[in-house]
1. What net charge do the residues around A:H71 carry, taking every other residue with its C-beta under 11 Å from that of A:H71, with Lys and Arg at +1 and Asp and Glu at -1?
2. Taking each residue of A:45-58 in turn, how many C-beta atoms of other protein chains fall within 10 Å of its C-beta, and what is the average?
3. Straight-line reach only, C-alpha to C-alpha below 13 angstrom: list the aspartates and glutamates that B:K60 could link to, leaving out same-chain residues fewer than 8 apart.
4. Please arrange A:K64, B:K105 by how many other C-beta atoms lie within 10 Å of their C-beta, fewest to most.
5. How many angstrom lie between the Cα centre of region A:19-57 and the Cα centre of region B:26-99?
6. Which ³J(HN,Hα) values in Hz, rounded to whole numbers, follow from the phi angles of region A:10-24 under the Karplus curve 6.51 cos²θ - 1.76 cosθ + 1.60, where θ = phi - 60° and Gly and Pro get x?
7. Looking only at other chains, what is the average number of their beta-carbon atoms within 10 angstrom of each beta-carbon in A:107-115?
8. Taking each residue of B:34-46 in turn, how many C-beta atoms of other protein chains fall within 10 Å of its C-beta, and what is the average?
Amino acid sequence: GAVVSQHPSWVICKSGTSVKIECRSLDFQATTMFWYRQFPKQSLMLMATSNEGSKATYEQGVEKDKFLINHASLTLSTLTVTSAHPEDSSFYICSAWIAGGPMDEQFFGPGTRLTVL
Amino acid sequence: GDSVTQMEGPVTLSEEAFLTINCTYTATGYPSLFWYVQYPGEGLQLLLKATKADDKGSNKGFEATYRKETTSFHLEKGSVQVSDSAVYFCALRPGGGADGLTFGKGTHLIIQP
């Protein structure tokens with residue numbers, strides 16, 4: 001149980017286009033979902049926290065107009081990278097947390113590799 | 001702000017060797033501490049955790065003790081196996097479950113037969 005999926009697993013796009021990444025909790029309803037970004041040989045950096053039906057909370061330095069997060073349901077959160085540029089190329093990882101669940105932990109998706117040409 | 005420092009890799013060991021991966025943290029208050037493992041092509045999996053000082057987390061032969069006095073949470077295993085080869089991340093959570101995690105850079109562990 002507690003499986004989180006991401007789609008797509010990798011994507012290549014041209015500079016200036018927008019890319020949407022989906023994060024789904026497959027067998028549970030997530031109270032909160034998180035988006036992280038990982039650069040090569042670097043740690044995961046928290047980008048934003050989202051709760052179903054409310055606006056996401058972005059970490060300092062993360063452009064909310066570039067990284068649009070929508071948490072439309074308890075099982076789905078999407079990250080849209082708008083007007084992507086090569087510097088947005090990275091590994092994006094989501095996680096999901098259940099409030100009051102028996103296991104007080106975040107469950108992570110496998111990540112999405114974004115390459116912007 | 002909060003931060004986590006862990007030893008850089010790769011760490012290469014022979015099978016059945018003793019493993020230590022160092023992790024120290026900086027945080028205000030009393031964070032919870034975690035070790036996550038990432039196998040190739042898979043998402044991060046929680047390996048073990050500790051929520052207060054002197055707690056010991058353990059799982060699959062791995063152990064780590066929350067040391068507030070030294071702000072450390074070192075990961076240890078007495079006898080590693082080839083299947084333990086993976087990337088290990090130390091992380092902290094400042095408060096409750098609704099808080100995001102602060103991660104270290106990860107340590108790539110390679111176990112040779």
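1. 0
2. On the way: counts 3, 5, 1, 1, 3, 0, 1, 0, 0, 0, 0, 0, 1, 0.
If you average over the peptide's residues, the count of other-chain Cβ atoms is 1.
3. Correct list for B:K60: B:E76, B:D84.
4. A:K64, B:K105
5. 21
6. So the J values, rounded to whole Hz, are 8, 8, 10, 9, 8, 4, x, 8, 10, 10, 10, 10, 9, 10, 10.
7. Working: counts 4, 8, 2, 5, 5, 0, 0, 0, 0.
Across A:107-115, the average partner-chain Cβ count within 10 Å equals 3.
8. Details: counts 2, 0, 4, 0, 6, 0, 0, 3, 3, 12, 11, 3, 6.
So the per-residue partner count for this stretch is 4.
Here, each number is a calculation from the coordinates, and none is a lab measurement. Because the structure is predicted, anything quoted here is derived from the model rather than measured. Every residue, glycine among them, receives a Cβ derived from its backbone with ideal geometry; neighbour counts consider all protein chains shown.
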